[in-house]
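Peer 1: Let me give you the structure first, and then I'll get to my questions.
The values are calculated or read from the model by the stated rules, or taken from the named source; none is laboratory data. Note that the structure is predicted; figures quoted are calculated from it, not measured. We place every Cβ from the backbone using ideal geometry, glycine too, and count neighbours over all the protein chains shown. These area figures cover heavy atoms from the full protein model, side chains too; ligands, DNA and RNA do not enter into them. Shrake-Rupley method; radii C 1.70, N 1.55, O 1.52, S 1.80 Å.
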Amino acid sequence: MNMKIRFVIAFAAAVSLSVPLSSQSQSFRLGKWTEIQNALIKELNASYVDSLPIDRIERAGVDAMLESLDPYTVYIPEEENDDMQMMLAKTYGGIGAIIYKPDLAGNVIINEPYENSPAARASLQCGDEILEIDGSTTHGLTSKECSERMKGKPGTDVVFKVKKLRSGDTVEISVTRERIHLPDIEYAAMVDDTTGYILQSGFTENVSKDLREAVIDLKSKGMKRLILDLRDNGGGLLNEAVGIVSLFVPRGSVVVTSRGKDGESVMKTVNEPVDTELPLIVMVNSSTASSSEIVSGALQDYDRAVIVGKRTYGKGLVQGMRPLPYNGVLKVTTAKYYTPSGRCVQAIDYAHRNEDGSVGHIPDTLTHEFRTVGGRIVRDGGGITPDIEIKSHRYSRIVYALVGYGIIEQYTLKFVAGHATIPALDDFHFSDADFEDFIAFAKEKDFDSRSGARTFFDEMKQELEEDGFAESMKAQLDALKEALDMDKEQMLRLNKRDIISLLEEEIAVRYYFQKAGIKVRLRYDDALREAMGCRSTVQTDRQL
């Protein structure tokens with residue numbers, strides 16, 4: 001009996017001790033890890049043979065730790081606060097121009113002044129060279145270093161010594177910095193007699209207000225249906241996504257539900273809509289993410305819009321900003337969001353994606369079925385699947401090389417230097433003679449002009465050499481190489497349409513600012529033309 005009593009008492013004590021240890025184990029491990037980390041840094045600082053690069057190893061450690069969680073939880077130190085302002089509001093203090101620095105030892109070139117910017121009002125034009133910034137030479141500075149010196153507090157002045165493109169004169173120009181805002185509504189216009197088109201590139205502050213104004217303006221111009229282009233829109237503020245959906249659905253409609261450690265939060269439309277009947281097409285692609293997916297997912301769930309394009313990125317996570325010591329910020333994933341039908345668009349595995357970052361194939365067995373208000377089947381597990389699939393345009397490898405090596409940009413500057421004006425935008429087209437001039441220019445430049453097939457051949461041949469098969473297959477390899485080989489000029493001519501489209505866009509921007517470039521881009525947008533031919537209303541089970 002005594003033995004039984006002792007056993008029961010011992011067992012009870014063990015249970016009572018195990019409960020708090022188990023519940024506190026995470027806190028204990030966190031404290032242990034913090035203590036080890038502090039001791040490690042102190043010991044390295046005291047004993048390491050060389051001077052310890054504290055800033056570098058500290059940042060590397062923080063970044064590595066956060067990368068193990070998800071791709072969107074990041075640390076933003078105080079010195080990167082300007083980048084955070086660009087991310088949240090697309091604003092910065094500066095003169096409003098894109099610069100180009102082709103040579104570290106050379107001058108800075110004004111590449112693209114923004115319309116109505118301080119730079120444009122000060123008569124800084126594409127091709128003007130900046131020799132000095134506030135009395136200091138630009139020689140030896142990187143493009144980033146020059147940009148940082150040009151930025152500053154709105155209301156302050158920056159003085160440039162400039163060599164003007166047209167006259168060749170060297171003049172001193174003082175520019176007063178302003179708060180520069182890059183709009184999310186980059187373009188809004190009628191693309192035919194009854195179709196309005198709006199290009200939205202982000203979800204920063206007040207974009208829903210700007211979109212409301214754009215929709216009302218297009219309706220006044222006779223718009224009977226709207227194409228909202230969210231391709232390559234990486235998202236942004238959650239409340240702005242709610243505000244955009246509210247333009248097209250009844251007040252009080254659920255837009256998104258977020259669920260995290262703080263519980264569940266349901267966000268509904270609170271404003272009166274602009275038009276709940278306007279036929280609506282939303283264009284998406286594999287880079288449409290986050291808030292863009294909330295908008296397209298909600299409109300799809302309500303059968304309010306036809307979604308066209310490619311399956312979206314698949315980011316169903318919500319981030320919040322948390323202040324840290326020394327004015328740092330932690331952008332941390334706090335919740336997952338769900339569309340009105342209950343879908344979470346988060347990719348099942350965000351660690352493994354296609355090369356462009358999009359979601360790969362997901363078997364239906366790993367996803368769940370949901371229903372729109374009209375009874376259509378939609379699924380979760382990886383982005384928004386469009387109602388009508390439209391293939392995105394694929395550029396060849398040499399076109400990417402022309403952009404990546406700066407050949408397009410360099411030729412654009414050459415063109416601007418040789419043309420004081422160009423025809424009105426609707427009449428401006430890159431002529432055959434212009435294209436011949438570009439070929440002559442590009443042929444003399446050093447860039448990788450191989451086709452995609454030729455690069456695969458080179459990789460395959462290297463593998464065969466390493467495996468010892470190349471010598472025995474020499475005749476076949478030589479024949480294939482000869483078939484794939486094209487000189488630089490041949491590759492350029494094969495891609496004439498794509499090259500001309502890029503050149504026309506870049507040149508138009510230099511004379512008529514950014515919206516002109518978008519207008520030119522739409523000339524060659526086959527996906528947009530295909531979307532314009534799609535039905536503008538959803539066929540639901542209730543309608544059949």
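Peer 1: Within the set of pairs 6+ apart or on separate chains, which have a first residue in the stretch 255-267 that is within 14 Å of LEU317 (Cβ to Cβ), a second that is part of a loop (DSSP other than H, G, I, E, B) and hydroxyl-bearing (Ser, Thr, Tyr), and C-beta atoms under 9 Å apart?
Peer 2: Correct list of pairs: VAL256/THR339; THR257/THR339.
Peer 1: I would also like to ask the following. Quick one: in the stretch 81-136, of everything that is of a type in the set (S, T, N, Q) and touching a Leu at 6+ places or on another chain (Cβ under 7 Å), which residue is most open to solvent (accessible area, probe 1.4 Å)? Break it down into steps so the answer makes sense when it comes.
Peer 2: Step one: filter the stretch 81-136 for residues of a type in the set (S, T, N, Q), giving 81, 85, 91, 107, 111, 116-117, 123, 125, 136.
The next check asks that each one be touching a Leu at 6+ places or on another chain (Cβ under 7 Å); those that pass are 107, 125.
Numbers: ASN107: 33, GLN125: 94 Å².
Among them, the one singled out is GLN125.
Peer 1: Also: Working carefully through the options LEU165, LEU211, find the one that is more than 30 Å from VAL282 (Cβ to Cβ), in contact (Cβ under 8 Å) with a residue 24 or more places away in the chain and surrounded by 14 or more Cβ atoms within 10 Å (Cβ to Cβ). Even if it seems obvious, please write down each step before you answer.
Peer 2: On the way: LEU211 fails: more than 30 Å from VAL282 (Cβ to Cβ).
None of the other options fit; the residue is LEU165.
Peer 1: Would you kindly identify the strands (runs of 3 or more DSSP E) lying entirely within the stretch 231-285 that contain at least 2 residues that are open to solvent by less than 30 Å² (accessible area, probe 1.4 Å) and more than 27 Å from LYS391 (Cβ to Cβ)? First the steps, then the outcome.
Peer 2: Values: elements: 254-260, 263-268, 280-284.
Per the criteria, 254-260.
Peer 1: Shifting gears a bit: Kindly list, by first and then second residue, each pair from a residue in the stretch 88-104 that is part of a strand (DSSP E or B) to a residue that is basic (Lys, Arg), limited to pairs with Cβ atoms under 7 Å and residues at least 6 apart or on different chains.
Peer 2: Filtered contacts from the stretch 88-104: THR91/ARG179; TYR92/LYS151; GLY93/LYS151; GLY93/LYS153; GLY93/ARG177; GLY93/ARG179; GLY94/LYS151; GLY94/ARG177.
Peer 1: If you take the residues in the stretch 434-447 that are among the charged types (D, E, K, R) and surrounded by fewer than 13 Cβ atoms within 10 Å (Cβ to Cβ), which one is modelled with the highest pLDDT? Break it down into steps so the answer makes sense when it comes.
Peer 2: So in the stretch 434-447, the residues among the charged types (D, E, K, R) come out as 434, 436-437, 443-446.
Pick out the ones that are also surrounded by fewer than 13 Cβ atoms within 10 Å (Cβ to Cβ) and you get 436, 443-444, 446.
Values: GLU436: 97, LYS443: 92, GLU444: 92, ASP446: 89.
Looking at the filtered set, the residue picked out is GLU436.
Peer 1: For residues that are part of a strand (DSSP E or B), of a type outside the set (A, V, I, L, M) and within 23 Å of ASP82 (Cβ to Cβ), scanning just the stretch 153-162, find the one that is most open to solvent (accessible area, probe 1.4 Å).
Peer 2: In the first step, residues of the stretch 153-162 are kept if they are part of a strand (DSSP E or B); the result is 157-162.
When the remaining residues are screened for being of a type outside the set (A, V, I, L, M), the result is 157, 160-161.
Filter once more, so that each one left must be within 23 Å of ASP82 (Cβ to Cβ): 157, 160.
On the way: ASP157: 86, PHE160: 1 Å².
Across the stretch 153-162, the extreme among qualifying residues is ASP157.
Peer 1: A further question follows. Going residue by residue through the stretch 218-230, is there one that turns out to be open to solvent by less than 50 Å² (accessible area, probe 1.4 Å), touching a residue at least 60 places away in the same chain (Cβ under 8 Å) and among the basic types (Lys, Arg)? If you could, list the steps in order and put the result at the bottom.
Peer 2: If we filter the stretch 218-230 for residues that are open to solvent by less than 50 Å² (accessible area, probe 1.4 Å), which is where we start, we get 218, 222-223, 225-230.
Narrowing further to those that are touching a residue at least 60 places away in the same chain (Cβ under 8 Å): 225, 227-230.
Cutting the leftovers down to among the basic types (Lys, Arg) gives us 225.
Yes, the stretch 218-230 contains at least one residue that is open to solvent by less than 50 Å² (accessible area, probe 1.4 Å), touching a residue at least 60 places away in the same chain (Cβ under 8 Å) and among the basic types (Lys, Arg).
A quick yes/no check of all residues on (1) farther than 23 Å from VAL399 by Cβ; (2) touching a residue at least 24 places away in the same chain (Cβ under 8 Å); (3) surrounded by 11 or more Cβ atoms within 10 Å (Cβ to Cβ); (4) over 29 Å from the mean Cα position of the chain (by Cα):
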| position | (1), (2), (3), (4) |
| --- | --- |
| ASP432 | no, no, no, yes |
| SER449 | no, yes, yes, no |
| ALA453 | no, yes, yes, no |
| PHE456 | no, no, yes, no |
| GLU465 | yes, no, yes, yes |
| GLU471 | yes, no, no, yes |
| LEU477 | yes, no, yes, yes |
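Peer 1: Could you say which residue among SER392, SER396 is open to solvent by 10 Å² or more (accessible area, probe 1.4 Å), at pLDDT below 95 and in contact with a Leu (Cβ under 9 Å, 6 or more places away or on another chain)? Show your work before the answer.
Peer 2: Numbers: SER392 fails: in contact with a Leu (Cβ under 9 Å, 6 or more places away or on another chain).
Exactly one of SER392, SER396 is open to solvent by 10 Å² or more (accessible area, probe 1.4 Å), at pLDDT below 95 and in contact with a Leu (Cβ under 9 Å, 6 or more places away or on another chain), namely SER396.
Peer 1: Okay, moving on. Do you know which residues across the stretch 53-79 are surrounded by 15 or more Cβ atoms within 10 Å (Cβ to Cβ) and either without any contact (Cβ under 8 Å) to a residue 60 or more places away in the chain or farther than 23 Å from SER290 by Cα (or both)? If you could, list the steps in order and put the result at the bottom.
Peer 2: To start, the set of residues in the stretch 53-79 that are surrounded by 15 or more Cβ atoms within 10 Å (Cβ to Cβ) comprises 62, 66, 70, 72-77.
Hits for the stretch 53-79 are VAL62, LEU66, PRO77.
Peer 1: A further question follows. Inside the stretch 168-208, can you point out the residues that are outside any loop (DSSP other than H, G, I, E, B), open to solvent by 50 Å² or more (accessible area, probe 1.4 Å) and within 15 Å of GLY235 (Cα to Cα)?
Peer 2: Of all residues in the stretch 168-208, those outside any loop (DSSP other than H, G, I, E, B) come to 170-176, 178-181, 185-190, 195-200, 203, 207-208.
Checking the rest, the ones that are also open to solvent by 50 Å² or more (accessible area, probe 1.4 Å) come to 170-172, 174, 176, 178-179, 181, 186, 190.
GLU186, the sole residue that qualifies.
Peer 1: Now for a different question. Only one of (1) open to solvent by 50 Å² or more (accessible area, probe 1.4 Å); (2) touching a helix residue (DSSP H, G or I) at 6+ places or on another chain (Cβ under 9 Å); (3) at pLDDT 95 or above fails for LEU494. Which number is that?
Peer 2: So the condition that LEU494 fails would be (3).
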